[in-house]
């Protein structure tokens with residue numbers, strides 16, 4: 001089998017996997033949705049006149065399969081009890097229903113024309129994919145940038161509004177807290193209306209509240225605007241990953257996720273460097289928000305012109321619309337146009353199911369705790385680095401934020417390290433008949449999990465003695481932390497997605513909720529902990545926790561597959 005044939009086979013198989021992952025209510029969980037609810041309608045014409053009327057209306061209008069409306073009598077009715085009245089829809093103006101064509105209903109449902117359909121996002125030209133993914137990646141980086149650049153403005157905000165630095169730091173914590181709740185809302189909207197619409201609405205709200213924080217006249221306004229900037233702007237964290245997966249087959253899923261998740265970390269690692277110089281200049285802290293808002297406006301325009309809707313069900317809706325216009329047959333429709341999702345069902349699947357999975361699935365729970373701790377350390381560094389390099393080594397102005405570059409370089413090395421595992425993973429997928437091998441993702445997680453406590457010990461112990469140890473030594477230690485952050489975070493996310501494809505959206509929502517809660521809390525106690533315990537002992541405490549988590553990927557590699565067989569999903 002040639003490489004092209006293998007990619008074509010994987011494209012077809014991965015399409016089914018992605019649809020199950022991102023559209024939980026269109027998966028095999030609802031078997032009735034995959035059947036023709038009318039059966040052979042020719043026989044039903046003789047048996048049931050009422051069902052004939054329903055099918056006629058479906059085929060002649062192309063609307064949903066509901067052909068009845070229910071109404072309740074008002075409270076002013078003479079009857080004490082409400083009575084449901086069912087009224088058959090009519091054509092209007094006393095016109096009779098048109099004759100029903102003798103064609104099965106499923107013949108009107110639009111689908112992709114095999115794995116080579118040019119409308120299938122997997123088959124789009126690479127330049128088109130690159131433009132769309134680049135604009136979405138910049139959107140993610142911009143929102144993540146906004147979470148960290150505020151940290152450099154905390155001292156000036158504290159002095160301007162006469163509040164403690166803990167209160168001023170709330171602006172960062174509230175922003176990240178918005179990340180916990182926002183993805184649940186935006187993720188469900190993206191499964192109903194596609195990727196582009198939620199991204200644009202989210203980005204517009206992000207721009208508005210970011211400029212609101214920049215022009216705020218009191219600390220309360222800053223806090224409110226920061227929270228809603230994070231909440232409304234958090235769509236990229238639940239939508240962009242799906243948009244990347246929409247456009248790449250199972251063969252290239254790992255590479256696309258590496259590129260996407262890199263943007264999640266690039267923003268927080270580079271923002272303090274720029275923010276330090278902005279806050280120390282004549283521009284002042286407000287321009288940390290103005291520049292973030294300008295960046296958001298720029299990527300908003302890019303998304304309008306560079307990204308085309310890639311969510312497979314919505315692409316089919318577009319294809320059905322084009323066919324209706326070409327043929328004049330308004331019975332042609334896509335499966336997504338038949339769905340009549342209730343709010344109750346959306347709430348159950350997007351709010352309660354992630355919580356149940358987090359509580360009942362030990363694999364998801366342990367991975368989420370590990371990732372949350374790692375993600376919390378990223379934002380804790382925003383408090384620790386000023387203690388080490390500004391208070392300890394005496395760096396002034398924006399110079400004190402330059403050591404974050406070592407974290408960024410470690411991140412890049414971590415991304416290259418993970419890319420080296422992709423050829424091996426593809427061979428394993430090919431050997432497994434084109435199906436994903438989730439446990440193989442954990443192999444790349446072992447080395448970063450060892451480097452993580454090493455980096456924490458290195459930075460905090462060497463940074464505690466600035467009079468004896470050159471500043472470059474703790475800076476190099478930050479590279480180990482950046483490498484570990486990327487390796488652990490990305491490997492665990494890929495493992496969760498491929499282990500729970502049918503409920504991937506819920507698993508990711510559970511993971512995002514917990515890690516955002518950790519990231520919001522860590523900056524609030526970080527500075528006090530390092531001042532009271534001392535840099536070396538506070539770092540030792542965190543390093544010991546990280547060292548205790550080193551066996552997690554190894555144990556999961558050995559026993560996770562067996563554990564998943566014994567604990568079944570019941571959602």
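One residue is enough: does region 183-191 have a residue meeting the conditions more than 14 Å from the chain's Cα centre (by Cα) and within 25 Å of residue 514 (Cα to Cα)? Taking every residue of region 183-191 in turn, none turns out to be more than 14 Å from the chain's Cα centre (by Cα) and within 25 Å of residue 514 (Cα to Cα). Inside region 470-484, residues that are out of contact with any helix residue (DSSP H, G or I) (no Cβ under 6 Å at 6 or more places or on another chain) and either in contact (Cβ under 8 Å) with a residue 60 or more places away in the chain or part of a loop (DSSP other than H, G, I, E, B) (or both) make up a count of 3.
Scan region 227-234 and give yes if some residue there is in contact with a helix residue (DSSP H, G or I) (Cβ under 7 Å, 6 or more places away or on another chain), over 20 Å from residue 284 (Cα atoms) and either at pLDDT below 90 or in a loop (DSSP other than H, G, I, E, B) (or both), otherwise no. Yes, there is a match, as at least one residue in region 227-234 is in contact with a helix residue (DSSP H, G or I) (Cβ under 7 Å, 6 or more places away or on another chain), over 20 Å from residue 284 (Cα atoms) and either at pLDDT below 90 or in a loop (DSSP other than H, G, I, E, B) (or both). Of all residues in region 212-228, none are in the same structural domain as residue 133 (by the TED database), over 23 Å from residue 527 (Cβ atoms) and crowded, with 24+ Cβ neighbours inside 10 Å.
The residue that is nearest to the chain's Cα centre (by Cα), among those in region 525-535 that are surrounded by fewer than 16 Cβ atoms within 10 Å (Cβ to Cβ) and in a helix (DSSP H, G or I), is 525. Of the helices (runs of 4 or more DSSP H) lying entirely inside region 393-469, those containing at least 2 residues that are under 21 Å from residue 272 (Cα atoms) span 404-419, 446-462. Scanning region 265-302 for residues that are assigned to a loop (DSSP other than H, G, I, E, B) and buried (at least 19 other Cβ atoms within 10 Å of the Cβ) yields a single hit, 285. Answer with yes or no whether residue 349 is under 30 Å from residue 366 (Cα atoms), surrounded by 15 or more Cβ atoms within 10 Å (Cβ to Cβ) and modelled with pLDDT under 90. It is true that residue 349 is under 30 Å from residue 366 (Cα atoms), surrounded by 15 or more Cβ atoms within 10 Å (Cβ to Cβ) and modelled with pLDDT under 90.
The values are calculated or read from the model by the stated rules, or taken from the named source; none is laboratory data. The shown structure was predicted, so the numbers you read here are calculated from the model rather than taken from an experiment. All Cβ positions, glycine included, derive from the backbone under ideal geometry; neighbour counts span all protein chains shown.
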